[in-house]
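These notes are about the structure you will find just below.
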Amino acid sequence: MEKPRHSIRFVEEKCVGCGTCMRACPTKAIRVVHGKARVNDERCIDCGECFRLCPHDAIVSETTSYADLEKFECAIALPSPVLYSQFAPDVLPNQILLALKKIGFEYVADEAWDCELTTNALQEYLDTSEGPFPKISNTCPVVVRLIAMLYPNLVKNLVKLEIPRESAAKKFRQKASKSREIPPEKIGVLHITPCPAKMISINHPVGLEKSNLDGAIPISDIYGRLLEALKNLEEDIVLQLSSGIGIAWAISSGEIMGIRQENCLAVSGVHDVIRVLNDVEAGRLNDIVFLECLICPDGCIGGSLTVQNRHQARRKVRRLVKMFGEHTRVSREMALRLYRGGYFNLQAEILPNPLPPLDSDPGKAIQKLKQRDKILMTLPGKNCSACGAPDCRTLAEDVVLGQASIDDCVFLTLEKLKRTA
Amino acid sequence: MAADNTFIQEYSIKGWDFTRAGEASCEIKNILKQIGVSQDVIRRVAIASYEAEMNVVMYARQGTMRCEIDTTKIKITIEDEGPGIADIDQAMQEGFSTATPEMREMGFGAGMGLPNIKRNSDGCEVTSVVGKGTKVAMSFNL
Ligand SMILES: Nc1ncnc2c1ncn2[C@@H]1O[C@H](COP(=O)(O)OP(=O)(O)OP(=O)(O)O)[C@@H](O)[C@H]1O
Ligand code: SF4
Ligand code: SF4
Ligand SMILES: [Mg+2]
């Protein structure tokens, strides 16, 4: 079966064509055609804004379901550190990992530890990198796609280290295959995810040939089961290996918490990320060594598949960081050895993927731009989006590209009617 | 330049308006992407036009940024009403800056704006009348 192009899907029967999603989409990928929202696959970056805002539950995430656990002879859970922030103040990471075991994962790995390991590698990477600066984090799949599409010049700024969930998945699959004496493909390594976007980085990875993960289960999907399991945990073994440095990856500025360099910057939220990338492209942030960009507000705790409100979650992360300390539990020597041995090397190049111009012939593209502005002058400029485009300018552009008609504008049509009446 | 093969757009820039600062150069960048200009030229235009725009925001009362694009050339002209520059040669030197401590706190004042405009464009001309204003005209070959 062909893998879905994106991590969200529109359910046509439920869509009423209100356009809430269309107005929120940062890349203007959505139009309402014949009363139904429609996504242009080429423009969608899987940010999940539409999914977050749809008032009619007409957008669903294309993630892995808990029932899929059965497909594997052995299932490994790789929970995002965000999971630790989703429970009551007194529930600790180790208990949550034990609860995952209880609900059916044979092995449960503390992904936060692998984040911590990557922090150490990142430190070395930044120390030895020759630029261009700022280096931009590659952990949020949406940011990577946004840059490839709208800021192709900045693709070379992306950090070239394998992201923690991928390197961890590879490692744990090998481990489990050995200890269980079963072929690696019989093992299911599943990320427990705060966002649909992880699914797109599994189905269509960037920077590697094939993902090491078999799927991503939403935090919101297994939350109830975990709450139940937490009530009476029988087992008592140590599964949490991470310190606060790894746990902090759940929030904005978490990736830079363990970094020595002073000139680091953390930005979160889609609009602020776009703004800071414009600054980078204008050459204004060359003195910054590392730029952490996360598309969700306040970082991954703001992901659309979480259950706790992000302000509470942030508080919980802060608490855990304090509790488990800002002193890494990863041996620096080991991290360096792995780094030099190529453990973090990307398996494939990240390629720019810019949007096509208005026309492949520059002269014609200029003509179309002029035409667009001419049409724009005739439109009312109310940006009401009743035409099925998010704003007047986009409608004008669609008209020039032959994808819409100027008659789609309700104001112009109304005026026409009045005149002929 | 035949007028009908040229795309012309003009933006106004307000002095000391930091919330909208950078918008005009960003718009130009988007236009170039829609025309399909090469990534390298886009990068150079982004840097040069942003620096010129910010100089108006920081030093002048108000100004305009006009861009003219045809298939062979991009011309961007930034004209402002402001204090003007008395010694242009000096202003063009790397590191020369009259930025105030407040501006430096915001990350400006390295004295690299005008030199960067020169370095990134294929031609640039700065003219100024003290007490009236400054004009920076830059061009990029396609
Ligand atoms: N539009 C302008 N009007 C008046 N003075 C200007 C204008 N543009 C530049 N100058 C003068 O020229 C100097 C050098 O400008 P330049 O852009 O090279 O550096 P800067 O603006 O001081 O610092 P940076 O651009 O690195 O933040 C400025 O400090 C200012 O005195
Ligand atoms: S996921 Fe984001 S980019 Fe894709 S259609 Fe929805 S809002 Fe637009
Ligand atoms: S910020 Fe985190 S949670 Fe949000 S889309 Fe990116 S990776 Fe997913
Ligand atoms: Mg300047």
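The values are calculated or read from the model by the stated rules, or taken from the named source; none is laboratory data. In this text, all values refer to a predicted model and were calculated from it rather than measured experimentally. Cβ atoms come from the backbone with ideal geometry, glycine included; neighbour counts cover every protein chain shown. To get the accessible areas, we keep the full protein, side chains included, count just its heavy atoms, and leave off ligands, DNA and RNA. Shrake-Rupley method; radii C 1.70, N 1.55, O 1.52, S 1.80 Å.
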Item to check | Cα-Cα over 23 Å, subset of B:29/B:118; A:160/B:118; A:156/B:33; A:156/B:29; A:370/B:73; A:175/A:210 | outcome: A:160/B:118
Item to check | Taking all pairs of distinct alpha-carbon atoms in segment A:1-62, Kirkwood radius in angstrom | outcome: 11.5 Å
Item to check | Average beta carbon contacts from partner chains per residue of A:283-293, 10 Å cutoff | outcome: 2
Checklist entry - Mean projection of the alpha-carbon convex hull of the protein assembly as shown over all orientations, in nm²? => result 30.0 nm²
Item to check | Debye log10 I(q)/I(0) for segment A:107-243, one point scatterer per Cα, at q = 0.09 Å⁻¹ | outcome: -0.34
Checklist entry - Counting DSSP beta bridges with both partners in chain A, what percentage is antiparallel, nearest 5? => result 25 percent
Next on the checklist: Please list, in order along segment B:69-84, the HN-Hα scalar couplings obtained from phi with the Karplus expression 6.51 cos²θ - 1.76 cosθ + 1.60 (θ = phi - 60°), rounded to whole Hz, x for Gly and Pro.
Outcome noted: 10, 10, 6, 10, 7, 10, 10, 10, 10, 10, 10, 10, 9, x, x, x
Next on the checklist: Testing the spin-label approximation: label points 7 Å from Cα along Cα→Cβ at residue A:326 and residue B:30. State their distance in nm.
Outcome noted: 3.9 nm
Checklist entry - Semi-axes, largest first, in whole Å: what does sqrt of 5 times each Cα gyration tensor eigenvalue give for segment A:268-343? => result 26, 24, 12
Checklist outcome for this item: In chain B the accessible area split gives carbon plus sulfur, as whole percent at 1.4 Å, a share of 47 percent
Item to check | Average accessible area per residue (Å²) across segment A:191-341 - probe 1.4 Å, nucleic acids and ligands excluded | outcome: 45 Å²
Checklist outcome for this item: Percent relative contact order for chain A, counting Cα pairs under 8 Å at least six residues apart, stands at 21 percent
Checklist entry - Hey, what angle do you get for helix A:410-420 against the long axis of chain A, alpha-carbon based, 0 to 90 degrees rounded to 10? => result 20 degrees
Checklist entry - Just counting partner chain Cβ atoms within 10 Å, what average do the residues of peptide A:365-372 show around their Cβ? => result 5
Item to check | Solvent-accessible area per residue for segment A:1-130 (1.4 angstrom probe, square angstrom) | outcome: 43 Å²
Next on the checklist: Using just the Cα positions, wrap segment B:7-141 in a convex hull and report its mean projected area in square nanometres, one decimal place.
Outcome noted: 7.4 nm²
Checklist entry - Under the Karplus relation 6.51 cos²θ - 1.76 cosθ + 1.60, θ = phi - 60°, what is the ordered set of whole-Hz ³J(HN,Hα) values for segment B:114-130, x standing for Gly and Pro? => result 4, x, 5, 5, 5, 5, 8, 9, 8, x, 8, 9, 10, 10, 7, 10, 4
Item to check | Cα-based helix-to-principal-axis angle, B:39-59 vs chain B, degrees rounded to 10 | outcome: 40 degrees
Checklist entry - P(r) for segment A:71-124: what percent of alpha-carbon pairs falls in each 5 Å bin, starting at zero? => result 5, 18, 24, 20, 15, 11, 6, 1
Checklist entry - Who wins for biggest fluctuation among A:187, A:251, A:103 in a Gaussian network model of chain A, springs between alpha carbons below 10 Å? => result A:103
Checklist entry - Each residue of segment A:304-316 in turn: what ³J(HN,Hα) in whole Hz from Karplus with 6.51, -1.76, 1.60 and θ = phi - 60°, glycine and Pro shown as x? => result 7, 10, 8, 10, 7, 5, 6, 6, 5, 4, 5, 4, 5
Item to check | FRET efficiency, 1/(1 + (r/R0)^6) with R0 35 Å, evaluated for residue A:272 and residue A:415 via beta carbons | outcome: 0.35
Checklist entry - For the pair A and B, how large is the buried accessible area, both sides, in square angstrom to the nearest 100, if the probe is 1.4 Å? => result 2100 Å²
Item to check | Value of Rg to Rh for segment A:143-201 (Rh from inverse mean 1/r over Cα pairs, i.e. Kirkwood) | outcome: 1.12
Item to check | Distance between modelled label sites at residue A:92 and residue A:307, nm, 7 Å Cα→Cβ extension | outcome: 2.2 nm
